[in-house]
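Data block below; observations after.
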Amino acid sequence: MKILIAYVSFSGVTKKVALRLKDMLNADEEEIVPLSVYTSKDLDWNDKYSRSSIEMNDDKSRPGFHPLKLNPLDYDIIFIGYPIWWYVEPRLIDSFLDYYDLKGKIIIPFATSGGSGIAGSLTHLRNLYPSLNIKEGLLLNDHIDENKIRALMR
Ligand SMILES: Cc1cc2nc3c(=O)[nH]c(=O)nc-3n(C[C@H](O)[C@H](O)[C@H](O)COP(=O)(O)O)c2cc1C
């Protein structure tokens, strides 16, 4: 089974987890890079007019990203990593899932957060993409339980 770890990370926390998963699972990894990089101002959740606030207030927002160098369609299992934003996935993840048709793939979300769980994002993703096989995700704020991860891959 070929495994890809695709992720977004705005301050490096999710990226660190993605790189550990890559080593653990002997997977390929690539960051989903936004066309326009998010500044710290863009990430200010206290400002309701910041870019992240505006995007997250609009369920239809789909910020652009650079297509990956790797082709996700070449993989059987795709881990999708992101920070929790306002209890769900950043819209950039929805842009990614709109762009690539991952029907038939095993999709395993993972997230980091300041404390919120991953459940809100799973509900949101499954509503948006009912035809995708989206497994129970994992919040990986602390340690990575390899057994749990391998169980999701089956
Ligand atoms: C715009 C924005 C919204 C956020 N919303 C939440 C949230 O709802 N719950 C939470 O626990 N953390 C929230 N966070 C914190 C991030 O999920 C957390 O810092 C994450 O580990 C950052 O990962 P990254 O460095 O890979 O971007 C938010 C951060 C930002 C920038």
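Annotation: amide H of residue 138 within the under-5 Å range of 110, 111, sequence separation 5 or more or interchain, hydrogens built in the peptide plane. 3J(HN,Hα) along region 24-33, derived from phi through the Karplus expression 6.51 cos²θ - 1.76 cosθ + 1.60 where θ = phi - 60°, amounts to 4, 9, 6, 9, 8, 9, 8, 7, 8, 9 Hz, with x in place of Gly and Pro. For the chain, the longest piece that avoids every one of the chymotrypsin sites (Phe, Trp or Tyr not before Pro) found in DSSP loops with at most 16 other C-beta atoms within 10 Å covers 101-154.
Starting from 0.36 nm per residue, how many nanometres of slack lie between residue 124 and residue 49 once their C-alpha separation is accounted for?
Numbers: separation 75, 0.36 × 75 = 27.00 nm, distance 2.29 nm.
Answer, rounded to one decimal: 24.7 nm.
With 26 Å as the limit on Cα-Cα distance, the pairs of 41/69; 16/135; 41/135 that go past it are 41/69; 41/135. Legend: calculated FRET efficiency, residue 35 to residue 133, from the Cβ-Cβ distance at R0 = 35 Å, rounded to 0.05, equals 0.80.
None of the figures in this text is laboratory data; all of them are computed from the coordinates on show. Nothing here was measured: the structure is a model prediction, and the numbers come from that model. Ideal geometry is used to build each Cβ from the backbone, glycine not excepted, and the neighbour counts take in all protein chains shown.
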